[in-house]
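Structure record follows, encoded as structure tokens.
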Amino acid sequence: MDVPLGSRESTDPHPGPDRHPGRDPGVRGPGRGRGVVTALVGATGNQLGAGVGASAFAAIGPAGVVAVRQVVAAAVLLPLARPALRRMGWSQWWPVLLLAVVFAGMNLALYTAVDRVGLALAVTLEFLGPLVLALVTSRTRRHLLIAVAAAAGVYVLVLPGPSSDVGGIAVGLVAGACWAAYIVLNRTAGARLPGVQAPALASGVCAVGYLPVLVVLTVDGRWDGATLTRALLTGVLSSVLPYAADLVALRTVPARSFAVLSSTQPALAALVGLLLLGQGLRAHEWAGIAVISLANVAALVTGPRRGGPRPRPAPAR
């Protein structure tokens, strides 16, 4: 996320409004304006990181880029979270371990899809995970119509045919399923560990799991200065920058507005893919991205309003 819509999504598919009930939940004033800009900077950094990482696929593959990204995320998050490992019991460890598995699968699936079908299509397919979760947990007639619209958007986006990369599309959908699993698991883990200890620990466990990949790449002599720089930059842009930006943005931007801003991720991925990777899109692909993004906005705007604290950023995505 590449966990985390940085944050690419809150832990709740239907974030509640601002925790100050007397405040207008809309984004107004210079403070909130800066928060919006900051959130968009984090989202853009997330996609730029994926684009930079894609340029290193030829040398180290998606798995190598994911491995470095997870090490960077763990190196930043673990010192900040400082989890008390000796006090943790199995009831706290099991969601952390499952989160680590989800992180490993989510980012590897996403980057594999980027390698096969391009950045815009991969990110849009991954985006379906939290959207489907939001619709399933609501189960209203209105959201059934939104689900139909989203399904139509997927069809328009991929236009399945003999030349379609079915494997690449499937891997993108696996990334979306992992993102939905992240949202559910992070809610459980967050109730048992304070702050961002759960995702920080999961990032550390995931990084350890990817160490053999780094060893193999080193033995094979696959590293050079440019490749290592790109992989490290991916970790900074896709994990560190979105996390920091979201922490700042969530101080002033209401949770629901923040989640709606995350709906720009597919469009940002399309722009980064075009400008950085030369991945142009056809008209039907732009149309599919627009339909899916608007379906996500509709699901958020029409979802039930629940009070409570603001969502935490998704640091490992």
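The values are calculated or read from the model by the stated rules, or taken from the named source; none is laboratory data. Computed from a predicted structure; not experimentally measured. In this analysis, Cβ positions are derived from the backbone assuming ideal geometry, glycine residues included, and neighbour counts consider all displayed protein chains.
Key figures for this structure:
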item	result
Candidate set: the stretch 263-279, residues that are more than 16 Å from the chain's Cα centre (by Cα) and within 11 Å of LEU121 (Cα to Cα); chosen: the one surrounded by the fewest Cβ atoms within 10 Å (Cβ to Cβ)	GLN279
Output for the stretch 247-273, where each listed residue is at pLDDT 90 or above, touching a Leu at 6+ places or on another chain (Cβ under 7 Å) and of a type in the set (A, V, I, L, M, F, W, C)	ALA269, ALA270, VAL272
Every pair of residues 6+ apart whose Cβ atoms lie under 7 Å, when the first sits in the stretch 138-167 and is under 18 Å from ALA113 (Cβ atoms) and among the hydroxyl-bearing types (Ser, Thr, Tyr) while the second is surrounded by 12 or more Cβ atoms within 10 Å (Cβ to Cβ) and modelled with pLDDT of 85 or more	SER164/VAL158
Boolean, ALA181 is part of a helix (DSSP H, G or I) and closer than 30 Å to ARG34 by Cα	no
Qualifying positions in the stretch 122-153 - more than 20 Å from VAL260 (Cβ to Cβ) and out of contact with any Gly (no Cβ under 7 Å at 6 or more places or on another chain)	ARG139, ARG141, LEU144, VAL148, ALA151, ALA152
